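Below is one structure, written out as structure tokens, with a few remarks after it.
The values are calculated or read from the model by the stated rules, or taken from the named source; none is laboratory data. Because the structure is predicted, anything quoted here is derived from the model rather than measured. Every residue, glycine among them, receives a Cβ derived from its backbone with ideal geometry; neighbour counts consider all protein chains shown.
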Amino acid sequence: MHHLVFATHNKHKLAEAAAILGSHIRLFDLSQIGCSEDIPETASTLEGNALIKARYVNEHYGFDCFADDTGLEVEALGNAPGVSSARYAGEPSCSEANISKLLSEMQGIDNRRARFRTVIALIINSSELHCFEGIASGRIIAERRGNAGFGYDSVFVPDGHQQTFAEMPSDLKNSISHRAIAIGLLADFIKDTL
Ligand code: ITT
């Protein structure tokens, strides 16, 4: 069985990825390999940050590894908050403050188009790099709806649906989300390669 590290401390992300990757991959998160440090995400793109995290684990711990980074890209705001989504309203990271800032920036703007974009960087065999992208397109509504999910879920309605991500059952969100699409592409690649 192939061993692979997912460079995250987030157990929900780990479980979601493990379910999609299937039983022929043994998946470990950062705490399971003894990595408790917060890997600095200093790049100016999602791709750059995913690569920093994957490379850090590969260089310091020697494992095949993948890492993800996600941003909300709003068309009328020039794709902001993008790579700054977690800290859009400043430090410390706070979803409520981020949503309030987003809604106020979008007041009076008719173009509500937006997308979540996830990038996964995979490093295998010490240096081989592969990237996978998942996009969920939709629109930003004017007021919060729903209590499930996290981040910007309560103001994002994906195309083809009436509910926000925060109003959907989690298994529905997890079957159409940006992260699920990116992990699905990773899973296809791994099935053919490892
Ligand atoms: P890590 O510890 O794994 O880095 P993070 O909180 O930085 O987790 P991400 O890089 O995946 O999470 O996402 C950055 C921000 O984008 C996150 O703080 C949320 O505000 C937002 N976001 C990401 N995925 C989302 C989703 O599925 N629904 C709503 N908001 C999301």
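Observations
- Test: residue in the range 111-128 that is within 14 Å of the ligand (Cβ to nearest atom), assigned to a loop (DSSP other than H, G, I, E, B) and modelled with pLDDT of 95 or more: no
- Criterion: within 15 Å of the ligand (Cβ to nearest atom), touching a strand residue (DSSP E or B) at 6+ places or on another chain (Cβ under 8 Å) and among the polar types (S, T, N, Q) - qualifying residue of Ser177, Ser154: Ser177
- Test: Ala148 is within 27 Å of Leu27 (Cα to Cα) and within 12 Å of the ligand (Cβ to nearest atom): yes
- Residue satisfying all of: in the range 75-106; in a loop (DSSP other than H, G, I, E, B) and under 24 Å from Ile183 (Cβ atoms); nearest to the ligand (Cβ to nearest atom) among these: Ser93
- Residue in the range 10-31 that is crowded, with 19+ Cβ neighbours inside 10 Å, farther than 22 Å from Arg145 by Cβ and not hydrophobic (A, V, I, L, M, F, W, C) present: yes
- The single condition from (1) crowded, with 20+ Cβ neighbours inside 10 Å; (2) assigned to a helix (DSSP H, G or I); (3) not basic (Lys, Arg) that Gly71 fails is (2).
- Matching residues, the range 67-84, being of a type in the set (S, T, N, Q) and over 28 Å from Ile124 (Cβ atoms): Asn79, Ser84
To keep it simple, each residue is scored yes or no on (1) surrounded by 15 or more Cβ atoms within 10 Å (Cβ to Cβ); (2) touching a helix residue (DSSP H, G or I) at 6+ places or on another chain (Cβ under 7 Å).
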{"residue": "Gly108", "(1), (2)": "no, no"}
{"residue": "Ala121", "(1), (2)": "yes, yes"}
{"residue": "Asn125", "(1), (2)": "no, no"}
{"residue": "Arg144", "(1), (2)": "yes, yes"}
{"residue": "Asp153", "(1), (2)": "yes, no"}
{"residue": "Met168", "(1), (2)": "yes, no"}
{"residue": "Ala180", "(1), (2)": "yes, yes"}
{"residue": "Ala187", "(1), (2)": "yes, yes"}
{"residue": "Asp192", "(1), (2)": "no, no"}
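So that you can scan it fast, the table gives a plain yes or no per residue for (1) in a helix (DSSP H, G or I); (2) within 18 Å of Glu96 (Cα to Cα):
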residue: Gly108; (1), (2): no, no
residue: Ser154; (1), (2): yes, yes
residue: Asp171; (1), (2): yes, no
residue: Ile181; (1), (2): yes, no
residue: Leu186; (1), (2): yes, no
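- Neighbours by Cβ (under 8 Å, 6+ apart or cross-chain): first from the range 114-141, farther than 18 Å from Gly184 by Cα; second polar (S, T, N, Q) and crowded, with 17+ Cβ neighbours inside 10 Å: Ser126/Asn58; Ile141/Thr164
- For the range 142-180, the set of residues classified as over 25 Å from Met106 (Cβ atoms) and in contact (Cβ under 8 Å) with a residue 24 or more places away in the chain consists of Asn174, Ala180, listed by residue number.
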